[in-house]
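In what follows, a structure is listed as structure tokens, so that the remarks can point back to it.
No value in this document is a laboratory result; all are computed from the given coordinates. Bear in mind that the values here come from a model prediction, so they are computed numbers and not experimental data. Cβ atoms come from the backbone with ideal geometry, glycine included; neighbour counts cover every protein chain shown.
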Amino acid sequence: MRPKITVIGSLNMDLVVKTIKFPDDGETILGENVEYFSGGKGANQAVAASRLGADVSMIGAVGDDVYGNKLKESLNKDKIDTSSVKSASGETSGLAFIFVSKTENRIVVVPGANFNCTKDDIDLHQDKIRDSDIVLLQMEIPLETVSYAASIAKKFNKTVILNPAPAQKLPDDLLKNVDILTPNETELQLLTNNESKNIDFNDQMDLLLRKGVKYVITTVGAKGVLYKSYQQEMRALPGFDVPVVDTTGAGDSFNGGLAYALGKGVEFTEAILFANKVAALSVCKAGGQPGMPTLDEVKEFDSKLEKLLNKEDIKL
Ligand code: RIB
């Protein structure tokens, strides 16, 4: 059974500049090279889920410029249904300027056409939401659209995953319609007004759970994830130590992997573990979408892990 996933979100052209270090204020430095990749948190998550074996539909908007068709075509190559991605006339496609150093990335997104994805588009494509198992959302389209989409998904009794990136404060009437919220550390601080970092993870996640979110999964980079449901103990799952090439899209691969696994009916903790593996593999290649692994690659990674475990057993 192939899970059906609808991703409602952004498509961007990523201009990725490789650099030894990031420039300081007022400083000019020379970058090593620039590459163009199809990206956007929505599109990346759609690709991640589709490569693993989900039937994915995307709702979103591109511009009527040179990048618009390219962004749709690259999704089509990954077998994603883009019939609900509109071309917004007179708009430029979303652009992301990404600076990648050895260990981290910094991203500036200019949303362009992504902000033309409105409540009307959700109404127009309600059938896609109704026909899916999981609805996957991020914050690179208007907040109003995200809130409306979550309410429609709930009306149809669908599982709603919200990846609250880029970080912004979220209204209670959106949170009450979210089943699974997947912030990173920075996003968690902002969502819970904890800029001074004086509350611990457990309490921060509880603040969100009290607003009606069913599970909070906080990704903490290579260290792994912390997760929790209401009045349950916080639990942790470790990440994997892999040779990192580019962390762009690591969060997206996690969300796509999580949606795929839950859509397949995998148990919650196992689904997080699976998503962790997908994220680990995604950072081993350059670019967000190019790095998304197939299911076979995840299985191969699994078999390597087992071999490692076996060696440990022998030593004992
Ligand atoms: O999460 C990575 C993505 O963030 C990039 O592909 C870029 O487009 C921005 O949306």
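Things worth noting here:
- Scanning residues 5 or more positions from residue 88 or on other chains, those with amide H under 5 Å from its amide H are 62, 63, 64, with H placed 1.01 Å from N in the peptide plane.
- Beta bridges by DSSP in the chain, antiparallel share as percent, to the nearest 5: 40
- Sorting the segments 11-20, 232-241 by their mean number of nearby beta carbons within 10 angstrom, highest to lowest, gives 11-20, 232-241.
- Relative contact order (%) - criterion: Cα under 8 Å, at least six apart; region: the chain: 18
- For the range 286-302, Karplus couplings with θ = phi - 60° (6.51, -1.76, 1.60), whole Hz, Gly/Pro x: 6, x, x, 5, x, x, 5, x, 8, 5, 4, 5, 5, 5, 5, 4, 4
- Length-normalised contact order for the range 78-126 - Cα pairs under 8 Å, 6+ apart - percent: 32
- Each DSSP beta bridge with both residues in the range 92-239 is either parallel or antiparallel, and the antiparallel ones are about 60%.
- Semi-axis lengths (Å, descending) of the ellipsoid that matches the C-alpha gyration tensor of the chain: 27, 25, 21
- Residue-by-residue Karplus 3J(HN,Hα) for the range 267-272, coefficients 6.51, -1.76, 1.60, Hz, glycine and proline x: 4, 4, 5, 4, 5, 5
- Note, ³J(HN,Hα) from phi for the range 161-168, Karplus 6.51, -1.76, 1.60, rounded to Hz, x at Gly and Pro: 10, 10, 9, x, 10, x, 4, 7
- Out-of-range pairs (alpha-carbon distance over 20 Å; input 128/158; 155/211; 119/155; 86/158): 86/158
- Ordering of 101-113, 129-141 by packing [mean C-beta count within 10 Å, highest first]: 129-141, 101-113
- The range 56-98 and the range 101-180 have Cα centres spaced 16 Å apart.
- Antiparallel bridge percentage (DSSP; both residues within the range 48-110; nearest 5): 50
- Over the chain, dividing the summed -39,500 (n - 2.57) contributions of all DSSP H runs of at least 4 residues by the number of residues returns a 222 nm mean residue ellipticity of -11000 deg cm²/dmol.
- Anchor residue 264: aspartates and glutamates whose Cα lies under 13 Å away (excluding residues fewer than 8 positions away in-chain): 55, 133
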